[in-house]
Amino acid sequence: MKNRNWFWGIFFILAAVSVIAIQTGSFVEIGIQSLLLGAFLLAIIIASLIRLNAFGVFFPLAFLYMIFWQPLNIVYVDYWMVLLAALLVSIGFSIIFGKHHKYRSGCNGSKKDWNRTSESIDDNNPNISIRFGSAGKYLHADNLQGGRFDVSFGELEIFFDEVQLSPEGTEIYVNCSLGSLILNVPKQWRIKENIHVTLGELTNKVRQTNPEENAPNLTISGNLKLGNIEIRYI
């Protein structure tokens, strides 16, 4: 069964429970809209547990707290602190359980990841967006002109080892908010950072050898808020 079928099946079951619950007890004060939203978030959590996706578990839990802390008389915690805690826990669980790159070869020899969604993309100007998920993308390009990579409440890892940059140089744009982005670039490339960081962590791994003077140029521009971006050399 596909993951989306798991999600919608769970959601409609929880929505039915919410319709009944709204008629009884303290749930009357919460309201049907909040209960349905809660059912939606719980469906994301359960589907994410099936996929071992930490971001899809802890961020919906944070939003559940924001919705229900007052009607359920739970101790108040600042919303930004709740989101920050969800981010840190998600990254921690991803490092422990999702960073072991266990690949196997498929029929076409492509790389597969046991723990997350993986995909090969053949595009000279890719546009990739991740929300509440974890994915690895393997880029193929013979003349990469640019690209855009957006991550919110999720984790994205990009592999550039089968990419040729434009001779004039290439600029990509990254936007990472409450998430994690890893860029794996060839060690012979010349990398320039132009990333605005707000309450986040930008890591540029030390390469073993310096690039040559005529090395291809990659400029990484964009924004990082409450998350982390890591540049690795392969």
Can you list the chymotrypsin sites (Phe, Trp or Tyr not before Pro) in segment 42-88 that are in a DSSP coil and have 16 or fewer other beta carbons within 10 angstrom? 69, 76
Treating cross-link reach as a plain straight distance, find the aspartates and glutamates whose alpha-carbon is under 12 Å from the alpha-carbon of residue 192, omitting any fewer than eight places away in the same chain. 171
Which order do the peptides 188-200, 32-44 take when ranked by the mean count of other beta-carbon atoms within 10 Å per residue, highest first? 32-44, 188-200
After finding the eigenvalues of the alpha carbon gyration tensor for segment 119-192, what semi-axes result from the square roots of 5 times each, listed largest first in whole Å? 21, 12, 11
In terms of Cα to Cα distance under 12 Å, which aspartates and glutamates are near enough to residue 137, apart from those fewer than 8 places away along the same chain? 113, 119, 122, 123, 155, 157, 161, 162
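Where a number appears in this text, it was derived from the coordinates with a stated rule and is not lab data. All figures in this text were calculated on a predicted structure; none of them were measured in a lab. Cβ coordinates were reconstructed from backbone atoms using ideal geometry, including for glycine residues, and neighbour counts include every protein chain displayed.
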